[in-house]
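**Q** Quick one: this structure, given as structure tokens, is what I'll be asking you about.
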Amino acid sequence: MSRALLIIDVQNDFTEGGALGVDGGAAVAAGVSRLLEAHPDAYDLVVASRDWHDADNDNGGHFAGEQAPDFVATWPEHCVAGTPGAEYHSDLATDAIDIHVQKGQGQPAYSIFEGTTPDGETLSQVLADRGITDIDVVGLATDYCVRASAIDAIEHGQHVRVLTDLVAGVADESSASALAELAHAGADVVDSSVVDA
């Protein structure tokens, strides 16, 4: 068994004070760092994604522009490539990250599987090359990018655990619904106490 940790979109714009900040976002950043420090040998691979949107277009309708965002399919401008909002939160231990994935470059993208590494590889390629069979998912936001990433991981044949104390969502109801959907799809919805040293 080879296990990877997927850290989803722990970026300034998705944490408190950001363009689309969620309550508990900074705590997730710090919690993920504590997990990695406490269990340095738990993961064979650590992958982190970032929304990395274009500045000069609406990213396939993802940015609402002059219209009011509906917060379902259209959003305020966020995580524009190269801006402070797109950077990892300062409490996230980025030195522990092996692979960085950028997604949403000119189009909507919720799942880490829609992005690419700086070398142009997809996450599917990376996981296959490393022989990864098991994945833990943490990050932001539970009801959007965490949900989409975990669903895609299951569909790619991975055994998935979502660590519930290391995710935070946009809304309580939709986050609870997302976790229930993931459990129904086959994910283990557990807290980080399951992570082995």
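The values are calculated or read from the model by the stated rules, or taken from the named source; none is laboratory data. Note that the structure is a prediction, hence the values are computed from the model and not measured. FYI the Cβ positions are ideal-geometry reconstructions off the backbone, even for glycines, and counts take in every protein chain you see. Keep in mind that these areas ignore ligands, DNA and RNA; they rest on the heavy atoms of the full protein, side chains included. Shrake-Rupley method; radii C 1.70, N 1.55, O 1.52, S 1.80 Å.
**Q** Examine segment 36-45 for a residue that is closer than 19 Å to GLU87 by Cα and within 16 Å of the chain's Cα centre (by Cα), and state whether such a residue exists.
**A** Checking segment 36-45: not a single residue is closer than 19 Å to GLU87 by Cα and within 16 Å of the chain's Cα centre (by Cα).
**Q** In segment 168-187, what residues are surrounded by 13 or more Cβ atoms within 10 Å (Cβ to Cβ) and either aliphatic (A, V, I, L, M) or out of contact with any Asp or Glu (no Cβ under 9 Å at 6 or more places or on another chain) (or both)? Talk me through it step by step, then tell me what you get.
**A** Applying the first criterion (surrounded by 13 or more Cβ atoms within 10 Å (Cβ to Cβ)) to segment 168-187 yields 168-171, 174-179, 181-183, 185-187.
ALA168, VAL170, ALA171, ALA176, ALA178, LEU179, GLU181, LEU182, ALA183, ALA185, GLY186, ALA187 - these are the residues of segment 168-187 that are surrounded by 13 or more Cβ atoms within 10 Å (Cβ to Cβ) and either aliphatic (A, V, I, L, M) or out of contact with any Asp or Glu (no Cβ under 9 Å at 6 or more places or on another chain) (or both).
**Q** Now, a different point. Which of the residues belonging to segment 118-143 are in contact (Cβ under 8 Å) with a residue 24 or more places away in the chain, closer than 21 Å to CYS79 by Cβ, touching a strand residue (DSSP E or B) at 6+ places or on another chain (Cβ under 9 Å) and open to solvent by 10 Å² or more (accessible area, probe 1.4 Å)? Give the steps one after another, and end with the answer.
**A** Filtering segment 118-143 for residues in contact (Cβ under 8 Å) with a residue 24 or more places away in the chain gives 123-124, 126-127, 130-143.
Cutting the leftovers down to closer than 21 Å to CYS79 by Cβ gives us 123, 137-143.
Within this subset, residues satisfying the condition of being touching a strand residue (DSSP E or B) at 6+ places or on another chain (Cβ under 9 Å) are 123, 137-142.
Answer for segment 118-143, where residues must be in contact (Cβ under 8 Å) with a residue 24 or more places away in the chain, closer than 21 Å to CYS79 by Cβ, touching a strand residue (DSSP E or B) at 6+ places or on another chain (Cβ under 9 Å) and open to solvent by 10 Å² or more (accessible area, probe 1.4 Å): just ALA141.
**Q** Restrict the check to segment 59-76 and report whether at least one residue is under 16 Å from the mean Cα position of the chain (by Cα), open to solvent by less than 50 Å² (accessible area, probe 1.4 Å) and among the β-branched types (Val, Ile, Thr).
**A** Scanning segment 59-76, I find no residue that is under 16 Å from the mean Cα position of the chain (by Cα), open to solvent by less than 50 Å² (accessible area, probe 1.4 Å) and among the β-branched types (Val, Ile, Thr), so the answer is no.
**Q** Go through segment 95-116 and count every residue that is open to solvent by 20 Å² or more (accessible area, probe 1.4 Å) and within 20 Å of GLU155 (Cα to Cα).
**A** Final tally of qualifying residues: 5.
**Q** Further question on the same structure: Checking ASP165 against (1) touching a helix residue (DSSP H, G or I) at 6+ places or on another chain (Cβ under 7 Å); (2) of a type in the set (D, E, K, R); (3) surrounded by 16 or more Cβ atoms within 10 Å (Cβ to Cβ), which test does it fail?
**A** Answer for ASP165: the failing condition is (3).
**Q** For segment 37-50, indicate whether the set of residues that are modelled with pLDDT of 95 or more, in a loop (DSSP other than H, G, I, E, B), within 14 Å of LEU140 (Cα to Cα) and charged (D, E, K, R) is non-empty.
**A** Scanning segment 37-50 turns up no residue that is modelled with pLDDT of 95 or more, in a loop (DSSP other than H, G, I, E, B), within 14 Å of LEU140 (Cα to Cα) and charged (D, E, K, R).
**Q** Report, by residue number, each residue of segment 11-34 that is surrounded by fewer than 23 Cβ atoms within 10 Å (Cβ to Cβ), touching a residue at least 24 places away in the same chain (Cβ under 8 Å) and not in a loop (DSSP other than H, G, I, E, B).
**A** ALA26, ALA27, ALA30, GLY31, SER33
**Q** Moving on. Within segment 95-116, count every residue that is among the hydroxyl-bearing types (Ser, Thr, Tyr) and touching a helix residue (DSSP H, G or I) at 6+ places or on another chain (Cβ under 7 Å).
**A** Number of matching residues: 2.
**Q** Are there any pairs with C-beta distances below 6 angstrom linking a residue in segment 35-47 that is free of Cβ contacts under 8 Å to residues at least 60 places away in the same chain to a residue that is outside any loop (DSSP other than H, G, I, E, B) and open to solvent by 20 Å² or more (accessible area, probe 1.4 Å), with the two at least 6 apart or on different chains, and if so which?
**A** VAL46/ALA96
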